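Following: one structure in structure tokens, then a few remarks.
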Amino acid sequence: MIEIHKNTKHIFILLILSYFFFIFGNGILSLTNPDEVFYAQTAKEMARHASWLTPYLFDTPNFEKPVFLYWLLRIGFILFGVSSFAARLFPAVFASLGVVAVYYLGLCGFKDSRKAFYSALVLMSSGLYIGLARTVFTDMVFSVLILLSLLSFFWGYLRRERKGVSLIIFFACSAFAVLTKGPLGLIIPLFIVILFLWFRHEVRYLWCAYAIRGIFIFIAIALPWYMYMLTKYKNAFTYEFFYNDHIRRLIEAEHKANDTWFFYPFSMIACMFPWSIFALASLYSLVKKRLLQDKPVYLFLACWIAVVFAVFQVAHSKLVSYIFPLFPALALLIGDCMFDSATTLQNNSVRMSLALTWCMLLLLPIALPVSLILYPQYATIKTPLYFFIILFSCLLLLMLRFILRREFFKVIGLMVLIMPSILVAVPFIRSDIEPYISSRAASEYMVKKADLDSVILCSKPFVRGIRYYTDREVAALGN
């Protein structure tokens, strides 16, 4: 009973924090170019065409992404009107769901509510997770659905009496992932599960009636939309969706500078900020010690990271968000490693990790004043930024005090607040950064001052944003 009460308390805390980390203030910044307005405008045009199946953009069928995120956006617009907050609502909701899912996965794997809680805090407060929770992309929804499918499988694997329902949920969540971003929604979790079972010499675990039922449920959820699109749009859909957006990205690099062997290893560590040093330590610990322990969770997390990394490493088109599905597994490893380290402070590597993390964080209050001096034109209102520098410096001084006193859990608590403390500055610098990331101000000016009866001509990066904010016909200038 005490353990149940503790779990409920942890979940309540995580949900409250999730609101402030992911949802609160979501509408302060306007939707940004070119991707947020792409998804939001597609949902708007689907509503205008009274279509729940065919995505539209510029009043023509849009085959770039499947339909599930557009459904969520339309529901958000119905509930709260067409706004930045409504568009970003469901990515934030799924981010909150992902935090709770990591907590439950930690409970299943580590059998320790405190490790599970710290793992959830790590995921919640990591840079890329907060960034994708507060923006309109498919990646958060897609990754959380994969997380839910893997949580369901692992829960049933450990509790064999729940095997049937766990496999059905596994295939159902994978089906919605396929409706969010494509076939990888099944390929990634299925490969992770098969690789894990292969190492455990239990591949026959999937050879059962429950898996067959799960496959039928997967087909019932995922296949109808694809069949509808293939039947109605035939080769146009096949070429754009399957070849151009999937196969071509395997063989061609859209962002040539990213097509290097070290792009994903570096991104994986950097985007766990401020937990980057601990990410390295946890991966080293996994290879050196964790895999030798007789706990299936470590093998499961290792297979999870390896499969996601391998699937996207071979593709020439690389973006940081592509490997986002492995971040929950990495957060669990960090939470586990940190908690064990907190109980053995004699370990010099722990103090070294803390010292390196503190030095890394110190770069921010040093670099920001220098940037304000060198590039004053990018910050017209400097007082809030100087206030932020003072506040962040005080946070670092407090961290240093706890590090010197070896009060490790207090250091973790302060590190959780790093990213939110950075977000606090956003409302004060909104007017400085919006012109660089959004078309809203320019669109509002044109609506008030210009005659918009004719086609609006603008540069290609702003086409989607101008269309979204003006609802006028737009054409791109140049390439």
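The values are calculated or read from the model by the stated rules, or taken from the named source; none is laboratory data. For clarity, every value in this text was computed on a predicted model and none was experimentally measured. Cβ: placed from backbone, ideal geometry, glycine included. Neighbour counts: every protein chain shown. Note: accessible area is taken over every heavy atom of the protein model, side chains too, but ligands, DNA and RNA are not part of it. Shrake-Rupley method; radii C 1.70, N 1.55, O 1.52, S 1.80 Å.
A few notes on this one:
- Estimated FRET transfer efficiency when R0 is 60 angstrom, pair TRP207-LEU398 (beta carbons, to 0.05): 0.60
- Alpha carbon centroid spacing (whole Å) that separates the stretch 86-144 from the stretch 259-308: 17
- Net charge dipole, the stretch 266-356: roughly 140 debye, given to the nearest 20, about the Cα centre with Cβ charges of +1 for Lys and Arg and -1 for Asp and Glu.
- Ignoring lysines fewer than eight residues from LYS163 along the same chain, the ones with Cα atoms less than 21 angstrom from its Cα are LYS111, LYS295.
- Computed FRET value (nearest 0.05) for LYS232 with ASP112, which takes r as the C-beta separation and R₀ as 56 Å: 0.60
- Cα-centre dipole for the stretch 170-258 with unit charges at Cβ (Lys and Arg positive, Asp and Glu negative), debye to 20: 120
- As a size descriptor, the averaged projected area of the C-alpha convex hull of the chain was calculated at 25.2 nm².
- Of the Cα atoms belonging to the stretch 1-115, the radius of gyration and Dmax stand at 18.0, 58 Å.
- Taking a straight Cα-Cα cut-off under 24 Å and skipping sequence neighbours fewer than 8 places away in the same chain, the lysines within cross-link reach of LYS44 are LYS65, LYS181, LYS232, LYS448, LYS460.
- Net charge dipole, the chain: roughly 1140 debye, given to the nearest 20, about the Cα centre with Cβ charges of +1 for Lys and Arg and -1 for Asp and Glu.
- Rg/Rh for the stretch 3-48, where both radii come from Cα atoms and Rh is the Kirkwood radius: 1.28
- With every protein chain in place, the stretch 22-91: carbon and sulfur % of accessible area (1.4 Å): 68
- The mean sequence distance of close C-alpha pairs (under 8 Å, at least 6 residues apart), as a share of the length of the stretch 379-479, puts its relative contact order at 22 percent.
- Three-way shape label, the stretch 188-316, alpha-carbon gyration tensor, a/c 1.5: oblate
- Within-13-Å neighbourhood charge of ILE403 [Cβ basis; K, R +1; D, E -1]: +4
- The alpha carbon gyration tensor of the stretch 115-251 gives principal lengths a ≥ b ≥ c with a/c of 1.5 or higher and a/b no greater than b/c, which makes the shape oblate.
- From the Kirkwood radius over Cα pairs of the stretch 25-176, Stokes-Einstein at 10 °C and 1.306 mPa s returns a whole-number translational diffusion coefficient of 95 µm²/s.
- Average silhouette area of the stretch 264-322, convex hull of alpha-carbon atoms, in square nanometres: 4.3
- Residue list for the stretch 320-335, given a label point 7 angstrom along the Cα-to-Cβ vector of LEU363 and an amide N cut-off under 19 Å: 320
- Ellipsoid fit via the Cα gyration tensor, the stretch 239-392: semi-axes of 32, 29, 11 Å, each the root of five times an eigenvalue, largest first.
- Under 19 Å from LYS256, Cα to Cα: lysines that are on another chain or at least 8 residues apart: LYS318
- Value of Rg to Rh for the stretch 24-86, rounded to two decimals, is 0.96; Kirkwood radius and Rg both from alpha-carbon coordinates.
- With protein chains left intact and a 1.4 Å probe, residues in the chain average 46 Å² of accessible area per residue.
- Once the mean of 1/r is taken over each pair of separate Cα atoms and inverted, the stretch 438-479 shows a Kirkwood hydrodynamic radius of 10.1 Å.
- Rounded if a/c under 1.5, otherwise prolate or oblate - the stretch 418-466, Cα gyration tensor axes: prolate
- Full extension of the chain between LYS289 and LYS9 yields a length gain of 97.6 nm, computed as 0.36 nm times the residue separation minus the alpha carbon distance.
- Across the chain, C-alpha contacts under 8 Å between residues 6 or more apart give a mean separation that, scaled by the residue count, equals a relative contact order of 18 percent.
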